[in-house]
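The values are calculated or read from the model by the stated rules, or taken from the named source; none is laboratory data. This is a predicted model, so every value here is computed, not measured. Using ideal geometry, Cβ is built from the backbone for each residue, glycine included, and neighbour counts are taken over all protein chains shown.
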Amino acid sequence: MDVDVALLEGRDAGRRQAWGEAHALLGAADAVRPLDTADVELLAEAADMLGHGDEAIVLLRRAFSAYAEEGAVGAALRCAYWLCKGLAWGGEFAQSGAWLGRARRLAESDPGCQECAYLLMLEAELHFRAGEHAPMIDVARRLDKAVGAGADADLVAGTAMTLGLALVSNGDTAAGLAQLDEAMVAVAERTMSARMTGMIYCVVIGTCQELQELSRAQEWSEALAEWCAAQPDFSGAYRGLCRVHRAALLQLGGDWPDAVHEARLACDQLTAGYGEAVAGCAYYQLAELHRLRGAYPEAEQAYRDTLRYGWDTQPGLALLRLAQGRRPTALAALRRALAETGEPMRRARLLAAAVEVLLAGGEAEATEADGDGGGDLAEAARAADELALIADAQGAAALRATAGQARGAVRLAEGDAKAALPALREAGRWWRELEVPYEAARVGVLVGLACRALGDEDCAVLEFDTARQTFERLGAGPDARRAARLTGGGRSVLSPRELEVVRLLARGRTNHAIATELVLSEKTVARHLSNIFVKLDVGSRTAVAAYAYEHGLLGPDGSA
């Protein structure tokens, strides 16, 4: 082969971001004659973008050593940055730290080198990974001062990204988002490397999702989709993480089949030997989609895979346990997670799930278990109040919608349907504006329950039926079946005696107490309960109590 032609064509392919072509041509040329160091670095980028992480690491080591021998300290430090990142992606944190140490020693030989800032970016990331937010912002500010106008495009954009993430982590959300937007503006100029572009997309979209800045996340996600479409060879770890973010946004937007497809691809890409450090988030996203669709065995396995790859399974696993009728297990898990979590946005997700689980049991389970019939409701109210405080502090529309939804659900459970409606109406408006149909439909169910409690059955049925149609379109089987039951009102399903049993059970009565009050034998009460379980298609006393509350079978104060 003509090596010089292969080199020229390989370099051109790299500039066009035709990674498969660049990798083949440069690799073939390297097999005949060792590449120049710059070409080795380009071949490493092509390998990285194709998902050949182990090969990229070998090439980056080679490029780092060659640049160092040539006295090109800046170029060597740039390679060290991507080398340390690549090792961390593969879970090789000790080796990543060792190479960072070697790079620091090299940087001492040329302390005025602009690329020394790459090491500050790595240092800031180490603080972030360890949850050390105050040291991270100190390093990020030093980085911002160190990077001047003459720095390369990767370093300028990476600095804005790092400072933005540090500001967000330290509670200065507005300033942090402004910096992240600066990084995205730099991405739009298309002057930086593909690796840095992919990383910035992932960090910015992931941070926006974490902050519930859904409109911003969607905007940047659409730009990411266009960028990915322009380079179909891009299939590395960053592509896998990009797929996770895309799956989450597709889920929110109501395109669940495509979301499942993206999540599965992400799981495959991130477990192909490179990117396993973040594979857990892909499995968590897949588990959430399975749970919402009612595919509980598949969700169970995906949550197990989430944990296997070192990712937290909450609050999703707790909500799966609730759906499986294991409310005490769900509640214990959420209480444990909240006890060890101080980060506001993480607490917000847990608090929203805790309100749902706490309200799901009615009074029966708490009364029989520990005599604290109102304890769960009071705890749910406290959780909703804390969630509201976080929403006010952060200001994101989605978080405000979540908080309003929780507040309305608590007011409804307290028997104050009139007070529940304003919060629920506002939450529904937020979700509709954000184009999140599943949550909007869930709020619609709560609005219907409030209308039913206030005697407006016609409006209630319309709300339930509208929600049912949305759930069916999405494929949210469990929610669709519940909405269908609510649409029918459910009052004719049970006999008058069974209704009496349901009311007493919902007020926390044991079988013995029900038998005494209705002048029946306990055996007869047990038979009534068995029939009730079959008619309502439920499997626990907790679910029967929830049914009573949902269908307005109790008075505002919980009386029959």
- Cβ pairs under 9 Å, 6+ apart, first in the stretch 389-408 and under 18 Å from GLY342 (Cα atoms) and touching a residue at least 12 places away in the same chain (Cβ under 8 Å), second surrounded by fewer than 24 Cβ atoms within 10 Å (Cβ to Cβ) and of a type in the set (Lys, Arg): ILE390/ARG347; ALA391/ARG400; GLN394/ARG400
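Here's the yes/no breakdown for (1) modelled with pLDDT of 95 or more; (2) of a type in the set (A, V, I, L, M); (3) in contact with a Lys or Arg (Cβ under 6 Å, 6 or more places away or on another chain):
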position: ALA353; (1), (2), (3): yes, yes, no
position: ALA364; (1), (2), (3): no, yes, yes
position: ARG382; (1), (2), (3): yes, no, no
position: LEU387; (1), (2), (3): yes, yes, no
- Matching residues in the stretch 14-24 - criterion: being over 24 Å from ALA72 (Cβ atoms) and assigned to a helix (DSSP H, G or I): TRP19, GLY20, GLU21, ALA24
- Note on the structure: Matching residues in the stretch 408-444 (of a type in the set (Asp, Glu) and either assigned to a helix (DSSP H, G or I) or surrounded by 18 or more Cβ atoms within 10 Å (Cβ to Cβ) (or both)) number 4
- Task: Please specify each residue of the stretch 185-202 satisfying the condition of being under 17 Å from ALA166 (Cβ atoms) and modelled with pLDDT of 90 or more.
- Result: ILE200
- Message: Please pick out the residue among LEU165, LEU100, LEU120 that is in contact with a helix residue (DSSP H, G or I) (Cβ under 9 Å, 6 or more places away or on another chain) and under 21 Å from TYR201 (Cβ atoms).
- Response: LEU165
- Does ARG246 meet the test of being in contact with a Phe, Trp or Tyr (Cβ under 7 Å, 6 or more places away or on another chain) and among the basic types (Lys, Arg)? no
- Item | Among residues of the stretch 235-273, those that are touching a Cys at 6+ places or on another chain (Cβ under 6 Å) and either farther than 19 Å from HIS290 by Cβ or among the polar types (S, T, N, Q) (or both), counted | 3
- Residue in the stretch 29-50 that is out of contact with any Ser or Thr (no Cβ under 7 Å at 6 or more places or on another chain), in contact (Cβ under 8 Å) with a residue 40 or more places away in the chain and either assigned to a helix (DSSP H, G or I) or at negative phi (or both) present: yes
- Query: If you take the residues in the stretch 1-20 that are without any contact (Cβ under 8 Å) to a residue 60 or more places away in the chain and within 20 Å of ARG195 (Cα to Cα), which one is surrounded by the fewest Cβ atoms within 10 Å (Cβ to Cβ)?
  - Reply: ARG15
- Which residues, taken from the stretch 433-462, are farther than 22 Å from VAL355 by Cα and free of Cβ contacts under 8 Å to residues at least 40 places away in the same chain? GLU433, LEU454, GLY455, ASP456, GLU457, ASP458, CYS459, ALA460, VAL461, LEU462
